[in-house]
Amino acid sequence: DFNILREDDDVIVVSKPSGMVCYHQHKTTAGKVGRKKRKKGSKKNEAVDADISLVDALVEDVNLRLSTLNPHAAGIVHRIDRGTSGCIALAKTDEMHALLVAEFFTRGAKKTYEALVPAL
């Protein structure tokens, strides 16, 4: 599960948990993360294992409209690896998508990384 940290008409910022991909570049094998998801056209109580991406969850579960500038990764302007948790910004409009991609590309966006290490 993820948390919505900020949302306005142009952008949404969410806290992505470790274990969730940002988007699927290609269709992946079902069942990687073990979350249950109904197939379209299936009966109400019929569920299948599926590898749910952040984009899948926002578009299908929350019913959010994201930018379609990049049809393979709706709204994604930067990504975080599957095994990493953290904040991710997604564009809701094509105009904001182009602006944010330019900011990340030119290193205008400031990113901060922190590691949590258990005490020995």
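The values are calculated or read from the model by the stated rules, or taken from the named source; none is laboratory data. Remember, predicted model here, so these are calculated numbers, not experimental data. Because the Cβ atoms are built from the backbone with ideal geometry, glycine has one as well, and the counts that use them run over all protein chains shown. The area values use the complete protein model at the heavy-atom level, side chains included, leaving out ligands, DNA and RNA. Shrake-Rupley method; radii C 1.70, N 1.55, O 1.52, S 1.80 Å.
Between residue 59 and residue 104, the contour length at 0.36 nm per residue exceeds the Cα-Cα span by 13.9 nm. With every protein chain in place and a 1.4 angstrom probe, the accessible-area ranking of 72, 97, largest first, reads 72, 97. Given a 1.4 Å probe and every protein chain left where it sits, what share in percent of the accessible area of segment 57-115 is carbon and sulfur? Carbon and sulfur atoms account for 53 percent of the accessible area of segment 57-115.
In segment 68-120, inverting the average of 1/r over every pair of distinct C-alpha atoms gives 12.7 Å as the Kirkwood radius. Taken along the Cα-to-beta-carbon direction at a fixed 7 Å, the label points for residue 111 and residue 84 span 0.5 nm. Remark: segment 65-120 carries 76 Å² of accessible area per residue (probe radius 1.4 Å; ligands, DNA and RNA excluded).
Amide hydrogen proximity for residue 92: with H placed 1.01 Å from N in the peptide plane, the residues at 5 or more positions away or on another chain lying under 5 Å are 11, 12, 67.
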